[in-house]
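Structure first, then comments.
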Amino acid sequence: MAESLEEVLADERGRAQVLRAAGHTREADNLDRLLDRVRASAVDYLDWLSEAEARLRSGKSVEWLRARFAGWAAAGHARLDGRRRLYRQLIVPKRANESAAREAGRRGDRAS
């Protein structure tokens, strides 16, 4: 089974630490820079949103998110952390005005 991107990045971060400890600072710095670029380019895949964050990002209801949870989980894009539902950022649709969503969240407005 192929390693996940999270596992690859973590393994390579460890490799950079080993290189640095062995005095290979330049190689370790180059590896860290590359890993930072990969992480930045894959942020939507790597970052997980709580159900509340997913609701604010999408403007969708909790019921809407939960109706899709099983399918998304089967594809590796949603998971349970204890009883908490998490969604990969890339799978959650983004509403047109995200700053308005944040403000609505601060005011305690409910999304549809």
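Rolling a 1.4 angstrom probe over the protein heavy atoms, how many square angstrom per residue are accessible across the chain?
Per residue, the chain has an accessible area of 68 Å².
Counting helices only, and only those DSSP H runs with n ≥ 4, report the 222 nm mean residue ellipticity of the chain as the sum of -39,500 (n - 2.57) divided by its residues, in deg cm²/dmol to the nearest 500.
Mean residue ellipticity, 222 nm, calculated: -19000 deg cm²/dmol.
Given a 1.4 angstrom probe, I'd like the percentage of the accessible area of the chain that is carbon and sulfur, rounded to a whole number.
C and S fraction of accessible area: 50 percent.
What order do you get for 21-27, 87-93 when each peptide is scored by the mean count of other beta carbon atoms within 10 Å, highest first?
87-93, 21-27
To the nearest 20 debye, what charge dipole does the chain have about its Cα centre, counting +1 at the Cβ of each Lys and Arg and -1 at the Cβ of each Asp and Glu? Please list the in-between numbers first.
Numbers: 23 positive and 18 negative charges, 126 e Å.
About 600 debye.
Could you work out the equivalent-ellipsoid semi-axes for the chain, taking the square root of 5 times each eigenvalue of the Cα gyration tensor, largest first, in whole Å?
Numbers: eigenvalues 247, 59, 22 Å².
For the chain, the ellipsoid semi-axes come out as 35, 17, 11 Å.
What is the sum of charges, Lys and Arg at +1 and Asp and Glu at -1, for the other residues whose Cβ falls under 10 Å from the Cβ of Arg79?
Neighbour charge sum, excluding Arg79 itself: +2.
Quote to one decimal, in nm, the extra length available between Ala74 and Glu6 on full extension: 0.36 nm per residue of separation minus the C-alpha distance between them.
Separation in residues times 0.36 nm, less the Cα-Cα distance, equals 22.7 nm.
The values are calculated or read from the model by the stated rules, or taken from the named source; none is laboratory data. Remember, it's a predicted structure, so these values are computed and weren't measured experimentally. Here Cβ is always computed from backbone atoms with ideal geometry, including for glycine, and neighbour counts include all displayed protein chains. What goes into the accessible areas is simple: the full protein's heavy atoms, side chains included, and nothing from ligands, DNA or RNA. Shrake-Rupley method; radii C 1.70, N 1.55, O 1.52, S 1.80 Å.
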